[in-house]
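The values are calculated or read from the model by the stated rules, or taken from the named source; none is laboratory data. These figures come from a predicted structure and were not determined experimentally. For neighbour counting, all protein chains shown are included, and Cβ atoms are generated from backbone atoms with ideal geometry for every residue, glycine included. The protein model used for the area step is the full one, side chains on, heavy atoms only, and it has no ligands, DNA or RNA in it. Shrake-Rupley method; radii C 1.70, N 1.55, O 1.52, S 1.80 Å.
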Amino acid sequence: MPLKRGRHHDRPSRDLELNPVFSREPVRVPRHALPEGEMEPETAYQLVHDELMLDGNARLNLATFVSTWAEPQALRLMAECAEKNMIDKDEYPQTAELETRCVNMLARLWNAPDAHRAVGCSTTGSSEAAMLGGLALKRRWQHRRGADAKPARPNLVMGINVQICWEKFADYFDVEARYVPMEGDRYHLSPEAAVELCDENTIGVVAVLGSTFDGSYEPVAELAAALDALQERTGLDIPIHVDGASGAMIAPFLDPELVWDFRLPRVASINTSGHKFGLVMPGVGWALWRDEQALPDDLVFHVNYLGGDMPTFALNFSRPGAQVVAQYYNFLRLGFDGYRRVQQTCRDVATRLAAEIAKLGPFELITDGSQTPVFAFRVRDGIDAFSVFDVSAALRERGWLVPAYTFPKNRTDLAVLRIVARNGFSHDLADLLLADLRRVLDRLGHQDGPQRSAEDAGGFAHGAETKNPRHPGRE
């Protein structure tokens, strides 16, 4: 959540005024203080509605992984459940039952050893789910060491391409983050480099199935094999958590031969975003563990809430049940074949659009959308008239939100544009984007040189909250 540090002096400070058509009397209310009195609901609605026109069109936001389209029936169910508190399982037992069914469905989808005994929960999003996975890894490490062990700081190994929630986890929960850097054309973790960073205080290794930088899958099976070999040499038994925020809802349907999930005994836990390629409106995520041993029981709180025992493992407490209901609706409505068809369409749009952009001439593909339906591309060497930041700004004039950003340490020289092909971004919309891209290239090609850089791009360049400028953002 953005942290506000006082008033922004470059924003208007005068009172809000209502269009006189909506009221006989002048209506003025302060921007930054509670009004002294009440107003009619339609008056309040109109004031808020008019300001929100300045937001971008969510359907044209190609920066976000988050769903921007849902069927009317799903939206109707969400509206019917808006007042239901997900945490209150005694009062809303059927909503809790639907959550359990979703966990069981995901356990089967990810090949858990015993789906009937699946351990998992819904969360506010995959960032919370990732943190829960990290906490379980840390607690298991503490149990392995025992109460009498000498003080030591735990560490977590991951690629520098991880989403910022992992940096937050390490910072908030006192875990040393050990990053595998990018090298050359390798834009994510390598098993060999990850193993070199592991020691007796490593709580786990994070593998990302669908990097936010370029959409690529990390090699989970190869990583597991490298950690198996490490255990044979040293006795160190280091688990894997798979951050499948996007890819865990793609690979089971489109890449069934890819072994990345609970089929690998070393994979202890997996998280995903229901509100990304799970096709639900924000926000819902899911965290699953391969069995009860993977989630230490002393992390689970048993709360006597409104007359019943309620085991919970969460960073949040009260939260809406609407998104969980919508997730169950989508699972029921689409089934395996429906999800496969939707995700294949997303991938088809991504790969076709990537190929067409490559044909334009000025661009070079970093990825082509053939894994997660996401691809990144750069301005070719020798093209000196414009930068990726110029292209991003020019497309925004037509309403397209296409992020431009630089890669992290060791590859900060690489600046790219990234496109996420979500459900609802159709072949027709892709053609419209391509036509607009051709138009802006004709104009930008006549510049004397790049007009914008990473510093000019502002927060839009990364599309989500950041602690430092290396992240393109998950959302």
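With labels modelled as points extended 7 Å from the Cα through the Cβ direction, what inter-label distance (nm, one decimal) is found for GLU257 paired with THR234?
Once both label points are built, they end up 3.4 nm from each other.
What value, in deg cm²/dmol to 500, does the helix sum -39500 (n - 2.57) over DSSP H runs of n ≥ 4 give at 222 nm once divided by the residues of the chain?
-11000 deg cm²/dmol
Using only protein heavy atoms and a 1.4 Å probe, report how much of PHE169 is accessible, in Å² to the nearest 10.
So the heavy atoms of PHE169 present about 0 Å² to solvent.
Once label points are set 7 Å from the Cα along Cα→Cβ at both GLN94 and VAL21, what is their separation, rounded to one decimal in nm?
Label at GLN94, label at VAL21, 4.3 nm between them.
Rounding to the nearest 20 debye, state how big the charge dipole of the chain is about its Cα centre with +1 on each Lys and Arg Cβ and -1 on each Asp and Glu Cβ.
On the way: 52 positive and 66 negative charges, 53 e Å.
About 260 debye.
Between ARG31 and ALA82, what length in nm is gained on full extension when 0.36 nm per residue of separation is reduced by their alpha carbon distance?
That works out to 15.6 nm of additional length.
Hey, with R₀ at 41 Å, roughly what FRET efficiency would ASP291 and SER426 work out to, going by the Cβ-Cβ distance, to 0.05?
Values: r = 41 Å, r/R0 = 1.00.
Taking R0 as 41 Å, the efficiency between ASP291 and SER426 is 0.50.
Considering only the chain, what is the antiparallel percent among its DSSP beta bridges, to the nearest 5?
Here the share of antiparallel DSSP bridges comes out near 65 percent.
Are any of the pairs LYS138/LYS276; LYS150/LYS409; LYS150/LYS276; LYS168/LYS359 more than 31 Å apart by Cα-Cα distance, and if so, which?
Exceeds cut-off: LYS150/LYS409; LYS150/LYS276; LYS168/LYS359.
Taking θ = phi - 60°, what integer Hz values does the Karplus form 6.51 cos²θ - 1.76 cosθ + 1.60 yield along region 43-50, in sequence order, with x for Gly and Pro?
5, 4, 4, 5, 4, 5, 4, 5
Taking the solvent-accessible surface of protein heavy atoms with a 1.4 Å probe, what is the per residue accessible area of region 250-380 in Å²?
The answer is 39 Å² per residue.
Note down the net charge around ALA221, summing +1 for each Lys or Arg and -1 for each Asp or Glu among other residues with Cβ under 13 Å from its Cβ.
Charge balance near ALA221 sits at -4.
Quick check: residue separation of VAL300 and ARG438 times 0.36 nm, minus the Cα distance between them. What number comes out in nm?
44.2 nm
Probe radius 1.4 Å, ligands and nucleic acids left out: which of ASP88, ASP337 has the largest accessible area, and how do the rest follow? Walk me through the numbers on the way to the answer.
Details: ASP88 10, ASP337 100 Å².
Highest to lowest solvent-accessible surface, that is ASP337, ASP88.
Using the beta-carbon distance between LEU52 and ALA225 and R0 = 60 Å, what value does 1/(1 + (r/R0)^6) give for FRET efficiency, to the nearest 0.05?
0.75
Rounded to a whole number, what % of the accessible area of the chain do carbon and sulfur atoms account for, probe 1.4 Å?
Answer for the chain: carbon and sulfur cover 51 percent of the accessible area.
Grab the Cα-Cα distance for LYS409 and ALA193, subtract it from 0.36 nm times how many residues apart they are, and report the gain in nm with one decimal. Don't skip to the end; give the middle numbers.
Values: separation 216, 0.36 × 216 = 77.76 nm, distance 1.54 nm.
This chain segment gains 76.2 nm when fully extended.
For the pair ARG333 and LEU315, how long in nm is the line joining their label points, each one 7 Å along Cα→Cβ?
2.9
Please calculate the 1.4 Å probe accessible area of ARG396, with all protein chains present, and give it to the nearest 10 Å².
In the full protein context, ARG396 sits at about 110 Å².
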